[in-house]
Amino acid sequence: ADGQYTVQGEQSSVIGEHVGKSSPLTFLIDTVPPQVSLTEPANGSSTGGDSQLARGSVGSAEHDIQRVTAQLFGGASVGDGQSPVQSIEVSAVGPSWSVTFAGLGPGTYTVRALQHDEAGNVGVSSTSTFSVTRPAASAPHPPPTASFTWFPTSPRAGENVSLVSNSTDPSSPLTAFAWDLAGTGAFATGGPTMSTTFPTAGNHVVQLRVTDALGLSNVASQTIPVGGPALPLMQPFPIVRITTTGARSGVKLRQLSVLASRGAKIIVRCRSRACPVKSQSHMASTSRARSAFVEFRRFERTLAAGVILEIRISKPGQVGKFTRFTVRRGKAPVRSDACLEGVATRPVVCPSS
């Protein structure tokens, strides 16, 4: 009979004094299918449009799966082995379910609903037959407008990229999204957002196909430029120390030093006619220590207003540091920090991690 049962095995020893017992196992016998119902459309009704709403209630027994498959068949009945012209699976919302069959031509249709449970039983609702009459001539519905964007806007090879649809449709809700991540025309069903990675640098074509409730579709295609793999941060990351005090015509630079990893190249350039030294470079110690402390004493003097110091710490294949220090007339000096990728001379925004 239907219900929950527990089974356990026992084994006695030869002399009968000891009894071994297995762990108990619990199982369920369920032969009752879910009680799914169809309440709309009314049997024998008709519509003048090209879509039809179907809805009903779902079975709510303990092991009933709260998803319903609504099937639409051509004709006034459902024959054995007949395939549906449309089949839509939806999740129940509370005790109810609903779907919209779209893109229907004139004729007679029959609809029913199916619901499964965890034991494999299938509940089948009653059927309802309706007809679609030819609607009056009207302007055709426009297809949806497919479009999408991606984040980050300048991805790198191997970096996680989020694709986000911003497609629109003024006359019908969007019901399906399919993505072609390789630009080959092979679309895979997805949602309004998709996450992917591009293994190589270069231009990658991505396409999005959207479909509305009327069955109309549109495709957006964009080329995503992907940069090379992100370089690792220099470890330990460089520290630039600048200490000044006020002076009548600018500032007194009392300390300019850099703590950098072994083998890093450090260049200090001064931009102004009033510079005490135009440039000075050092290579961080190549000893066994992971980092080296380098001082630039030739710049430690009074710097006039308008003097700009640029400090670059770089190393091939790693992200280094860029610091700009500007002396201003009658105001505190300004310092800004950025990053350098490899041996590049142009500073970039530092990565977030």
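The values are calculated or read from the model by the stated rules, or taken from the named source; none is laboratory data. This one's a predicted model, so the numbers in the text were calculated from it and none came from an experiment. Every residue, glycine as well, gets a Cβ built from its backbone with ideal geometry; the counts of neighbours run over all protein chains shown. Only protein heavy atoms, including side chains, enter the accessible area calculation; ligands, DNA and RNA are left aside. Shrake-Rupley method; radii C 1.70, N 1.55, O 1.52, S 1.80 Å.
Report the local net charge at Gly3: Lys and Arg +1, Asp and Glu -1, summed over other residues whose C-beta lies under 13 Å from its C-beta.
On the way: positive: none; negative: Asp2, Asp30, Glu62.
Net charge around Gly3: -3.
Suppose a student asked you for the relative contact order of the chain, using Cα pairs under 8 Å spaced at least 6 residues apart; what percent would you report?
Values: 869 pairs, mean separation 35.4, N = 353.
Relative contact order comes out at 10 percent.
With every protein chain left in place and a probe of 1.4 Å, what is the accessible surface of Ser249, to the nearest 10 Å²?
70 Å²
Taking the dipole about the Cα centre of the stretch 210-353, with the C-beta of Lys and Arg at +1 and of Asp and Glu at -1, give me whichever of Ala332, Ser261, Ala213 is farthest to the positive side.
Towards the positive end, the residue furthest out is Ala332.
Between Gly44, Ser77, Pro33, whose Cα lies farthest towards the positive end of the dipole of the stretch 1-92 when Lys and Arg beta carbons carry +1 and Asp and Glu beta carbons carry -1, centred on the Cα centre?
Projecting each Cα onto the dipole axis, the largest value belongs to Gly44.
For Ser60 and Ser195, calculate 0.36 nm times their separation in residues minus their Cα-Cα distance, and state this gained length in nm to one decimal.
Numbers: separation 135, 0.36 × 135 = 48.60 nm, distance 3.49 nm.
Here the answer is 45.1 nm.
Once the convex hull of the alpha carbons of the stretch 247-353 is built, what does its volume come to per residue, in cubic angstrom? Each step should come with its number before you reach the end.
Values: hull volume 11.3 nm³, N = 107.
Spread over its residues, the Cα hull of the stretch 247-353 gives 106 Å³ apiece.
Counting C-alpha atoms alone, how compact is the stretch 279-337: give Rg to one decimal and Dmax as a whole number, in angstrom.
14.2, 45
Considering only protein heavy atoms, what per residue accessible area in square angstrom results for the chain with a 1.4 angstrom probe? Show your work: numbers first, answer last.
On the way: 19830 Å² over 353 residues.
Each residue of the chain exposes 56 Å² on average to a 1.4 Å probe.
Counting only Cα, what are the radius of gyration and maximum Cα-Cα distance Dmax of the stretch 40-189, in Å?
So, for the stretch 40-189, Rg and Dmax equal 19.6, 59 Å respectively.
Let me cross-check Val334: its accessible surface, 1.4 Å probe, with only protein heavy atoms counted, in Å² to the nearest 10?
60 Å²
Between Ala157 and Thr133, take the C-beta separation as r, use R0 = 41 Å, and let me know the FRET efficiency to the nearest 0.05.
Details: r = 57 Å, r/R0 = 1.38.
My answer for the efficiency is 0.10.
For the chain, which whole percent of the accessible surface, found with a 1.4 angstrom probe, sits on carbon and sulfur atoms? Write out the running numbers ahead of the final one.
Details: 10170 of 19830 Å².
Its accessible area is 51 percent carbon and sulfur atoms.
Let me spell out the model: positive unit charges on the Cβ of Lys and Arg, negative unit charges on the Cβ of Asp and Glu, origin at the Cα centre of the stretch 1-133. What dipole size does that give, in debye rounded to 20? All intermediate terms of the calculation are to be shown ahead of the outcome.
Numbers: 4 positive and 12 negative charges, 85 e Å.
With only Lys, Arg, Asp and Glu charged at Cβ, the dipole is about 400 debye.
Given axes a ≥ b ≥ c from the Cα gyration tensor, I'd like to know whether the stretch 1-56 is rounded (a/c under 1.5), prolate (a/b larger than b/c) or oblate.
Working: a/c = 10.42, a/b = 6.29, b/c = 1.66.
It is prolate, given that a/c is not under 1.5 and a/b is the larger ratio.
Pop a pseudo-label 7 angstrom from the Cα along the beta-carbon direction at both Ser257 and Ser77 and give the gap in nm to one decimal.
The modelled label-to-label distance comes out at 9.6 nm.
Show me the three semi-axes of the equivalent ellipsoid for the stretch 141-204, from the C-alpha gyration tensor (sqrt of 5 times each eigenvalue), largest first, rounded to whole Å.
Numbers: eigenvalues 127, 30, 19 Å².
Semi-axis lengths for the stretch 141-204 are 25, 12, 10 Å.
Please work out which option in (i) -0.31; (ii) -0.49; (iii) -0.65 gives log10 I(q)/I(0) by the Debye sum over Cα atoms at q = 0.07 Å⁻¹ calculated from these coordinates, and answer with its label.
Given (i) -0.31; (ii) -0.49; (iii) -0.65, the calculated one carries the label (iii).
Size of the dipole of the chain about the Cα centre, Lys and Arg at +1 and Asp and Glu at -1 on the beta carbon, nothing else charged, in debye to 20?
On the way: 31 positive and 21 negative charges, 1061 e Å.
In total the dipole reaches around 5100 debye.
For Ile88, what accessible area in Å² do you get when you roll a 1.4 Å probe over the heavy atoms of the protein chains, rounding to the nearest 10?
The accessible area of Ile88 comes to roughly 50 Å².
Note the per residue figure in Å³ for the convex hull of the C-alpha positions in the stretch 98-161. Walk me through the intermediate numbers first.
On the way: hull volume 13.2 nm³, N = 64.
Convex hull volume per residue, Cα atoms: 206 Å³.
Antiparallel DSSP bridges in the stretch 1-160: what percent, to the nearest 5? Before the final figure, lay out the partial values.
On the way: 37 of 40 bridges.
Within the stretch 1-160, antiparallel bridges account for around 90 percent of the total.
Report the charge-dipole magnitude of the stretch 97-241 in Debye, nearest 20, computed about the Cα centre from +1 at each Lys and Arg Cβ and -1 at each Asp and Glu Cβ.
The dipole of the stretch 97-241 has a size of about 260 debye.
For the chain, what proportion of DSSP beta bridges, expressed in % and rounded to the nearest 5, is antiparallel?
Details: 110 of 115 bridges.
Antiparallel bridges make up about 95 percent of those DSSP assigns within the chain.
So if we plug the beta-carbon distance of Ala304 and Val205 into 1/(1 + (r/R0)^6) with R0 = 51 Å, what FRET efficiency do we get, rounded to 0.05?
Numbers: r = 55 Å, r/R0 = 1.08.
Calculated value: 0.40.
Putting +1 on Lys and Arg Cβ atoms and -1 on Asp and Glu Cβ atoms, find which of Ser87, Ser60, Thr133 reaches farthest to the positive end of the dipole of the stretch 1-151.
Farthest towards the positive end: Thr133.
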